[in-house]
Amino acid sequence: MKKQGILNSHISKILADLGHTDTIVIADVGLPVPDGVPKIDLALTLGSPSFEETVNAVASDMEIEKIVIAEEIGTDNPEALHYIENKFAGCAIEHCPHEEFKERTRKAKAVIRTGEAKPFANVILQAGVYFG
């Protein structure tokens, strides 16, 4: 049995298979998942697991070089924006309109659906290279 890191076997496999510049999405309950993109559904109840809890777990197990968020997060969910800016302070952060964000999810290796029920609590994580 694995004793540290991500225990969810589906997420663990996706992370292990990522190459440089591949992306995954961590999403709230409402983000549509494009046809053909695997969905890893963690949602148990509204709010559980939270967006932050899920991002923290994935980010601790993934080399991330860039993130993408929807522009609308700044006005509709400033708490999530503040969290993201602090969490990824040393990382490139790109903003785009929500419709473009949804279009970009089509290229993701997977969408991880949380129980988060706040608007625009979504992030695209782009894999970097770890030479540690």
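The values are calculated or read from the model by the stated rules, or taken from the named source; none is laboratory data. This one's a predicted model, so the numbers in the text were calculated from it and none came from an experiment. For neighbour counting, all protein chains shown are included, and Cβ atoms are generated from backbone atoms with ideal geometry for every residue, glycine included.
Data overview
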read-out: Flag if Leu81 is over 24 Å from Pro97 (Cα atoms) and of a type outside the set (S, T, N, Q); value: no
read-out: Lone qualifier among Lys118, Lys87, Lys66 - being basic (Lys, Arg), surrounded by 13 or more Cβ atoms within 10 Å (Cβ to Cβ) and more than 24 Å from Ala16 (Cα to Cα); value: Lys118
read-out: The stretch 1-58 - residue that is in contact with a strand residue (DSSP E or B) (Cβ under 7 Å, 6 or more places away or on another chain) and among the acidic types (Asp, Glu) and, of those, surrounded by the most Cβ atoms within 10 Å (Cβ to Cβ); value: Asp22
read-out: Matching residues, the stretch 5-28, being part of a loop (DSSP other than H, G, I, E, B) and farther than 11 Å from Ala57 by Cβ; value: Leu18, Gly19, His20, Thr21, Asp22, Asp28
read-out: Residue match in the stretch 6-20 (condition: closer than 14 Å to Glu116 by Cβ and either at pLDDT 95 or above or not β-branched (Val, Ile, Thr) (or both)); value: no
read-out: Only listed residue being under 25 Å from Asp41 (Cβ atoms), in contact with a Phe, Trp or Tyr (Cβ under 6 Å, 6 or more places away or on another chain) and not charged (D, E, K, R), chosen from Ala108, Ala121; value: Ala121
